[in-house]
Amino acid sequence: MSEAAAAPAIELIGISKRFGPVQANDGVSLQVAAGTVHGIVGENGAGKSTLMSILYGFYAADAGTIRIAGREVEIRSSGEAIAAGIGMVHQHFMLVETLSVLDNIMLGVEGGALLRGGMRRARAELARLSGAYGLAIDPDALVGELPVGLQQRVEILKALYRGADILILDEPTAVLTPPEADQLFALLRALTAQGKTVILITHKLREIMAVTDHVSVMRRGRMIAHLATAATSPAALAEAMVGRRVLLRVEKPPRRPGPPVLAMQGVGLRDARGVTRLSEIDLVLRAGEIVGVAGVAGNGQSELLAVLAGLAQPSRGEISLDGRVLGPAERNPAALRRLGVMHIPEDRQKDGLVTAFSAAENCILGYHDDAAFGPGPLLSPSRIRRHARAAFAAYDVRPPDPELKTAKFSGGNQQKIVLAREIERAPRVLLVGQPTRGVDIGAIEFIHRRLIALREAGVAILLVSVELDEVMALSDRIIALCGGRITGERAAAEADERDLGLLIAGVTGEAA
Amino acid sequence: MDWAQTLAVILDSTIRLSVPLLCAALAGLWSERSGVVDIGLEGKMLMAAFASAVIAHQSGSAWTGLGAGILAAVALSLVHGFAAITWRGNQIVSGVAINMLAAGLTIILGNAWFGQGGRTPSLEGEARFADLALPFAAWARETVPVLGPLYAEMVSGHAAPVYLAFAAVPATALVLRHTRFGLRLRAVGENPAAVDTAGVSVAGLRYGAVIICGVLCGLGGSYLAVSQSAGFLPHMTAGKGFIALAAVIFANWRPVPVLLACLLFGLLDAVAIRLQGVSLPGIGLVPVQAIQALPYLMTVILLAGFIGRATPPRASGLPYVKER
């Protein structure tokens, strides 16, 4: 390297960090050139977020050196990171929902013991930043009442307000519609054009290809490769991430769907506060068909699953199974399960598992009454263990130890436990929420193949996922939800991402 | 006695009786807005009452007594803070421990030192807070109808801690609303991670809040022993620390509603006292115990049914642990 070349904006040398038995970062080194967008990819648990948290002073590294613009710095707290010109947009926003946008932006840099003077200056500076980057926002709105896209905007403005030259974004597009993501990428380009440096953490290879200049791949706490984006391909990146070849495309034989199984007619749902969550949902699921639900989180997908699984009672409309309208007595999870409607909940740790229980106990959750698990009111631990061992073998759950506490399994293996439990019961209808959220690529492949196999076996599947790629890859038909309404339907073969993006954003395709 | 006079007397005792509640409730508000749940308000007040009575008796100065009461309560607050903030312990357990410690220790020490069954010797003269007459009180009582007696009884003629306690309400509101410390405190009770990533110390803010909580508990406890009574009695807080917690919830963690809630409880207490021995038309003589139970009954009713949606600070009761 020549002496004349400008020092990299960030240089990490030999960063290591251990959490108990887990080596989250193992001698990680990274160089990020000033004025570029640098992507970091890796599976969940590869250590990307840990590395960035160390750079942002949230955790202290066990070993290693950080250089900012060629100067060695010690970053022991977020305050020091901010002082070094680093700003971070966390995956889970670091915002106080009960405070206004302005309060959130000022927090920590109020400029005086009394708020009054600082507030006036902050308001002016915020207006200037909003104008300069085209990030319009109402400074007096309560953050909790803003849609997530705008909350992210507040996070970005917060970093810019603190004078960040280096902006770290952790999985920023998880909460955005495709058009919003495009806007974000345009903003990142504008920022680098002004000399700022951006680090983008993501697991979506498409985004890496679309917006980054360089990309670094992490696997199991180590840096595997540093590449120029122009010189690589999604397949090569996926292989580097997983360490073996992966099929990015799902093999899906064409199939003609069978008769209708589950139907919703004019279903609406109001929540406890009287807010309409779903309205006028008409939907038919046929045997041997996967219907994908596309939408940004919070637009009624969770409620749709809840209504169909019997967890919420629709305030209007009816649901029928095999042409027979379900009465109130049948609209509860236990009765629906007996009728063959199984549910893989969106949040496996909250709704799908009791993570403090052993894996074997979780394997029979909800099916305790089954005579196979013990006589009468008693449970037989040995039979439950045997059942779990068989399920683990069939679903490749690792480690195959039924006694292990469920919390100790990785996300992918936890999901396989839920999957095994629900699919084993030969469902007629399968409701699947976020099947691969927080699941590594290897397990994603496995889960996708299982879902396709069920489709072949004639199960009617409703798939809810925030990953548009996943919905497009698996579904036969795709419906778009926005604001609790179905804004459009496309056959998967004819769907394209831009068109779906507009539907998700509530722009009806017919008008365009 | 005409009705204005009666009303003035009831309102006067409402003010006096609501002071300990008000102090404890504001203390709880400070603590909980920062994210530290404190069910040890009761114990802190009790300890402060004891310490202030002892020191006021020994020194002969009510103000020295108040200082000692505040120190005692702050010391217990720091114990709670150490357990809840530094060691991320269970805040309920720590609060219960403080309540039990105070209930036992005050009686044992009182008995050992004074041998009066846990009481401290009664305070006289300078060792008690004297009532302060505000200007024109006597004149107003005689000349201005209705408002005169109200001013003379309700506003004037209280001891210094009463005015301090009431002054703490606008002070709390202003600090929370208009200062940097207040903004950060409100934020840390809702989302400590947001404060941490903004480069501000979560522990520092919470310790600050816990110390303010101690000061206010100290004021309330000292008032009980050195102003309202003339010495310490075992268990003299009589659940006020818990009623204060109810008042905080009832008031949705906001200072001015806290004041109103405490005044309401104080009014109930005052009415209960006036009703003792009075024969009510249609009911007859109400048993004293039934009347004394009124404020507690009211607490249950208010908490059970009359609160709208009380939304506590989101991080309240949760120790701050960085992810993992």
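The values are calculated or read from the model by the stated rules, or taken from the named source; none is laboratory data. None of the values given here were measured: they were computed from a predicted structure. Here the Cβ is made from the backbone with ideal geometry for all residues, glycine too, and neighbour counts use every protein chain on show.
Descriptive notes on the structure:
- The residues on offer are A:53, A:78, and the sole one that is without any contact (Cβ under 8 Å) to a residue 12 or more places away in the chain and within 9 Å of chain B (Cβ to nearest Cβ) is A:53.
- Of the set (1) more than 22 Å from the chain's Cα centre (by Cα); (2) not in a helix (DSSP H, G or I); (3) not basic (Lys, Arg), all apply to residue B:152 but (2).
- The residue of segment A:180-221 that is surrounded by the most Cβ atoms within 10 Å (Cβ to Cβ), among those that are polar (S, T, N, Q) and assigned to a helix (DSSP H, G or I), is A:192.
- Filter pass, residue B:215 being out of contact with any Phe, Trp or Tyr (no Cβ under 8 Å at 6 or more places or on another chain), modelled with pLDDT under 95 and in a helix (DSSP H, G or I): no
- Restricting attention to segment A:361-390, the residues that are in a helix (DSSP H, G or I) and out of contact with any Lys or Arg (no Cβ under 9 Å at 6 or more places or on another chain) add up to 12.
- Members of segment A:331-360 that are in a helix (DSSP H, G or I) and either surrounded by 18 or more Cβ atoms within 10 Å (Cβ to Cβ) or small (Gly, Ala, Ser) (or both): A:334, A:335, A:336, A:337, A:348, A:352, A:359, A:360
- Some residue of segment A:440-457 being assigned to a loop (DSSP other than H, G, I, E, B) and surrounded by fewer than 18 Cβ atoms within 10 Å (Cβ to Cβ): yes
- The combined condition, being away from every other protein chain (no Cβ under 14 Å) and not acidic (Asp, Glu), is fulfilled by residue B:268.
- Qualifying residue in segment B:177-190 (condition: more than 14 Å from chain A (Cβ to nearest Cβ), within 24 Å of residue B:316 (Cα to Cα) and surrounded by 21 or more Cβ atoms within 10 Å (Cβ to Cβ)): no
- Residue among A:54, A:82, A:66, A:40 that alone is touching a Gly at 6+ places or on another chain (Cβ under 6 Å) and either assigned to a strand (DSSP E or B) or closer than 26 Å to residue B:200 by Cβ (or both): A:82
- You will find that of B:130, B:73, the residue that is within 21 Å of the chain's Cα centre (by Cα), within 21 Å of residue B:16 (Cβ to Cβ), surrounded by fewer than 18 Cβ atoms within 10 Å (Cβ to Cβ) and among the hydrophobic types (A, V, I, L, M, F, W, C) is B:130 and no other.
- The set of residues in segment A:85-125 that are in a helix (DSSP H, G or I), at the interface with chain B (Cβ under 8 Å from one of its Cβ atoms) and small (Gly, Ala, Ser) contains only A:118.
- Inter-residue pairs, beta-carbon under 8 Å, first farther than 19 Å from residue B:138 by Cβ and in segment B:158-169, second outside any helix (DSSP H, G or I), 6+ apart: B:160/B:129; B:160/B:132; B:161/B:129
- Lone qualifier among A:46, A:34 - being assigned to a loop (DSSP other than H, G, I, E, B), away from chain B (no Cβ under 14 Å) and crowded, with 23+ Cβ neighbours inside 10 Å: A:46
- Residue-level check: of (1) among the hydrophobic types (A, V, I, L, M, F, W, C); (2) in a helix (DSSP H, G or I); (3) surrounded by fewer than 20 Cβ atoms within 10 Å (Cβ to Cβ), residue B:310 misses just (2).
- In this entry, residue B:144 is excluded by the filter for residues that are at pLDDT 95 or above and either within 14 Å of chain A (Cβ to nearest Cβ) or in contact with a Phe, Trp or Tyr (Cβ under 9 Å, 6 or more places away or on another chain) (or both).
- Residue among B:202, B:226 that alone is crowded, with 18+ Cβ neighbours inside 10 Å and either within 14 Å of chain A (Cβ to nearest Cβ) or within 22 Å of residue A:97 (Cα to Cα) (or both): B:202
- Filter result for the condition that a residue is of a type in the set (D, E, K, R), closer than 25 Å to residue A:259 by Cβ, touching a strand residue (DSSP E or B) at 6+ places or on another chain (Cβ under 7 Å) and in the same structural domain as residue A:458 (by TED's automatic domain parsing), over A:318, A:330: A:318
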